[in-house]
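Contents: one structure, followed by commentary.
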Amino acid sequence: MSKCIFCEIPNERIYLENALAIAIMDNYPVTPSHSLIIPKRHIDNYFLLTEPESLACFELLNDAKDFILRTDNTVEGFNIGMNCGEVAGQTIFHCHIHLIPRRVGDVDSPRGGVRHLIPGMGDY
């Protein structure tokens, strides 16, 4: 296995942590405060997590949401996403969950949300 960037995250990048997972700000944010929840154990994708790892990630996802809401009063919603497999767009093969804060006016029409991954499928 080549070096994994999520296995070598410097401590100063971590803004939340529990026994099995960490939260960092994304280096290439879609919106301000775009965060990544990352299990500490190197595992390819979400479907391979143990139940305790999944629960730890869920806990940090909620903690990160609360942190963002406390620090930015413009956030009114969130998208949560994971890319599992190359065909789904995964480029770093260490499980990570995207928490993307959403603000009024950040897109012309938010209706359909993640359905816009496939062009034309978000409009219904």
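Estimated at the nearest 10 Å², the accessible area of ILE118 is 110 Å² with a 1.4 Å probe.
Any chance you could give the angle, 0 to 90 degrees and rounded to 10, that helix 51-71 forms with the longest Cα principal axis of the chain? That works out to roughly 50 degrees. Summarising the overall dimensions of region 50-117 from its C-alpha atoms, the Rg and Dmax are 13.9, 39 angstrom.
At a probe radius of 1.4 angstrom, the accessible area of the chain per residue rounds to 64 square angstrom.
If you take all C-alpha pairs in the chain, what percent of them are over 27 Å apart? Looking at the chain, the distances longer than 27 Å represent 20 percent of pairs. Ranking of ARG102, ARG115 by solvent-accessible surface, largest first: ARG115, ARG102 (1.4 Å probe, protein heavy atoms only, all chains present). Applying a 4.7 Å Cβ-Cβ cutoff to the chain leaves CYS57, CYS84, CYS95 as cysteine residues with no disulfide-compatible partner. Within the chain, the longest run free of GluC sites (Glu not before Pro) that sit in a DSSP loop with at most 15 other Cβ atoms within 10 Å is 9-75. Taking the accessible area of region 43-104, probe 1.4 Å, and keeping the other protein chains in place, the carbon and sulfur fraction comes to 57%.
The values are calculated or read from the model by the stated rules, or taken from the named source; none is laboratory data. Everything numeric in this text was worked out from a predicted model, so none of it was measured. No Cβ is skipped: glycine too gets one built from the backbone with ideal geometry, and neighbour counts run over all protein chains shown. Keep in mind that these areas ignore ligands, DNA and RNA; they rest on the heavy atoms of the full protein, side chains included. Shrake-Rupley method; radii C 1.70, N 1.55, O 1.52, S 1.80 Å.
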